[in-house]
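The values are calculated or read from the model by the stated rules, or taken from the named source; none is laboratory data. Being a predicted model, the structure only gives us computed values, none of them experimental. Using ideal geometry, Cβ is built from the backbone for each residue, glycine included, and neighbour counts are taken over all protein chains shown.
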Amino acid sequence: MSMMQAQIICDGCGQTASAEHVARRLRRLEWATRYRPLHVRTLLLGAVMPLADAEFVYADAAEFSGEAERVLRLAGIAAAGKSAEAIHLELQRAGIFVAHVLECPLEATVGAAFAELLQRRMGNALLRIRRSIKPKRVASMGAEMDLVVERLTEQELGCASILDGGQAFKLDERYEAMERLRAALASPVGAAR
């Protein structure tokens, strides 16, 4: 009689996970935890963890691209000639922390299955924000966050929410959206909860 191998469900994204998937999640979690600010002034919340390590702002990368590059530009951090650790420390001192509803990369971020997974995991993300991260404010980023933007209320988050006209900030291609978010981040944080 053959024994069936138990399926592992990843607690970071809710998907069936291989040992490699879990190991990669733990590595990224370790990177992010190492540089998490003691007091999170602003949480930048994306829908799904970038696929490439160079796009994850907390990676031990020689060069950043994609989401990581945009976050650093948004925070006013110049990466040229600096070590990854020096960059991470600057982001930490700024009080900015980056997290994702789905804490693991996905191959596809479109379609009904993705939208359902994102909706299903949003409750876990909100709980993590309120109980663990405890930011002063949350700014959502990326078009995918529009699928769950209605849940980003002060009551659900336990802090102020920064939106771009009722939607997530689209930092991928719109310079104006980045400038609006940069201005919002420069404004004083509201009174403590």
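Results, tabulated for the structure shown:
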read-out: Residues of the range 163-179 classified as at pLDDT below 90 and surrounded by fewer than 15 Cβ atoms within 10 Å (Cβ to Cβ), total; value: 6
read-out: Residue match in the range 74-87 (condition: of a type outside the set (Val, Ile, Thr), surrounded by 15 or more Cβ atoms within 10 Å (Cβ to Cβ) and under 26 Å from Arg120 (Cα atoms)); value: no
read-out: Subset of the range 142-155 [more than 17 Å from Ala112 (Cα to Cα), crowded, with 18+ Cβ neighbours inside 10 Å and either β-branched (Val, Ile, Thr) or in contact with an Asp or Glu (Cβ under 9 Å, 6 or more places away or on another chain) (or both)]; value: Gly142
read-out: Test: Arg93 is of a type in the set (Lys, Arg) and within 20 Å of Arg121 (Cβ to Cβ); value: no
read-out: Counted residues, the range 113-131 - those being of a type in the set (Gly, Ala, Ser) and without any contact (Cβ under 8 Å) to a residue 24 or more places away in the chain; value: 2
read-out: Among the candidates Ser65, Ser83, residue that is over 14 Å from the mean Cα position of the chain (by Cα) and farther than 19 Å from Met141 by Cβ; value: Ser83
read-out: Filtered residue count, the range 24-59, keeping only those that are under 18 Å from Glu85 (Cβ atoms), basic (Lys, Arg) and crowded, with 19+ Cβ neighbours inside 10 Å; value: 1
read-out: Number of the exception - Lys134 against (1) in contact (Cβ under 8 Å) with a residue 40 or more places away in the chain; (2) out of contact with any His (no Cβ under 9 Å at 6 or more places or on another chain); (3) of a type in the set (D, E, K, R); value: (2)
